[in-house]
Amino acid sequence: MVEREIKNHRIVIKNAENNQIIADTKVIRYDSRVNSIIISAQSIQNKKFYKIYAIVFGENCMYKFYGTIRGVMRENEIEVLIGKCETMEERQAVRYPLALEGRMEGVYIDGKKILFRKKIPIQAVDMSSGGILLKAETGFFNIGEIYYLLLKTNAGTLKMQCEIVRMKGNGTLTEEYGCRIQNVQWDQKIGMV
């Protein structure tokens, strides 16, 4: 495992003793010299020693680690010492390039549509049977958020409920957002097969 596979990706850290979630955040960096992952200190409310296990949603697979958190803060960061890596899931679904561009016009809150003053440009980069990769402005989505995406085609409209599961910045004003497709509804146009 190298840093680029997990940097800026989601990490879920659980207490190994009681299975309670300690943090659900993203990896700031990975230090291969001491085999540790650095996360934001704000991610953990009770900063103390923990025996933990962590799941990292990497670029191409999910990793599971057992380790410890000492609870020591440095420059608003906490170090998670990890042991041997265990690969949980390889991504084997075929990805299809899309290169579709659209706009996000609003969000649904409690079933009501709230329109934005300015439409936000979004690009669909690729898609697999279980997910879709979007590109949008930096900081627009957060891990864990759920939204509806409409893809309009000549044959009808595909409505997908998606959850943001990973984010990757490229040093510009845009980020890539890896989304898990949770629910799909197909509205076929009349007269189309």
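The values are calculated or read from the model by the stated rules, or taken from the named source; none is laboratory data. Keep in mind that this is a model prediction, so the values were computed, not measured. Cβ sites come from the backbone with ideal geometry, for glycine too, and all protein chains shown count toward neighbours. Heads up: the accessible areas ignore ligands, DNA and RNA and are worked out on the full protein's heavy atoms, side chains in. Shrake-Rupley method; radii C 1.70, N 1.55, O 1.52, S 1.80 Å.
Using C-alpha pairs under 8 Å with a sequence gap of at least 6, the mean separation divided by the residue count of segment 5-99 gives a relative contact order of 25 percent.
Straight-line reach from LYS7: taking Cα to Cα under 16 Å and skipping same-chain neighbours fewer than 8 places apart, the aspartates and glutamates in range are ASP24, ASP31, GLU59, GLU77, GLU79, GLU175, GLU176.
Under a 5 Å amide H cut-off, with hydrogens placed 1.01 Å from N, ILE122 pairs with GLY102, ARG103, MET104 among residues at least 5 apart or on other chains. Only Cα pairs under 8 Å and 6+ residues apart enter the sum, and on that basis the relative contact order of the chain stands at 14 percent. A Förster radius of 22 Å, combined with the Cβ-Cβ distance separating LYS152 from ALA99, puts the computed FRET efficiency at roughly 0.90.
Once neighbouring chains are kept in place and the probe is 1.4 Å, which whole percent of the accessible area of segment 1-80 is contributed by carbon and sulfur? Accessible surface attributable to carbon and sulfur in segment 1-80 totals 43 percent. Accessible surface for ILE146 stands near 90 Å², nearest 10, in the context of the full protein assembly shown (1.4 Å probe). Between ASN142 and VAL107, the contour length at 0.36 nm per residue exceeds the alpha carbon distance by 11.2 nm. Dividing the summed helix terms, -39500 (n - 2.57) for each DSSP H run of n ≥ 4, by the number of residues in the chain produces a 222 nm estimate of -500 deg cm²/dmol to the nearest 500.
If the chain were replaced by its equivalent ellipsoid, with semi-axes equal to the square roots of 5 times the Cα gyration tensor eigenvalues, what would those be, largest first, whole Å?
Values: eigenvalues 249, 64, 48 Å².
Calculated on Cα positions only, the semi-axes equal 35, 18, 16 Å.
List the pairs from LYS26/LYS152; LYS14/LYS112; LYS14/LYS168; LYS26/LYS51 whose alpha-carbon separation is above 26 Å, in the order I gave them. Intermediate values should be presented prior to the final figure.
On the way: LYS26/LYS152 33 Å; LYS14/LYS112 35 Å; LYS14/LYS168 23 Å; LYS26/LYS51 19 Å.
Flagged as over cut-off: LYS26/LYS152; LYS14/LYS112.
Put a dot 7 Å past the Cα of ARG70, heading toward its Cβ, do the same for ASN19, and the two dots end up 3.1 nm apart.
The distance between label points at ASP126 and GLU163 comes to 2.3 nm (points 7 Å beyond Cα on the Cα→Cβ vector). Computed over the alpha-carbon atoms, segment 15-108 gives an Rg to Rh ratio of 1.09, Rh here being the Kirkwood radius from the mean inverse distance.
The string of couplings for segment 95-102 from the Karplus curve (6.51, -1.76, 1.60, θ = phi - 60°) is 9, 10, x, 10, 6, 9, 10, x Hz, one whole number per residue in order, with x for Gly and Pro.
Think of each Lys and Arg Cβ as +1 and each Asp and Glu Cβ as -1; about the Cα centre, that makes the dipole of the chain roughly 260 debye. Estimated at the nearest 10 Å², the accessible area of MET167 is 10 Å² with a 1.4 Å probe.
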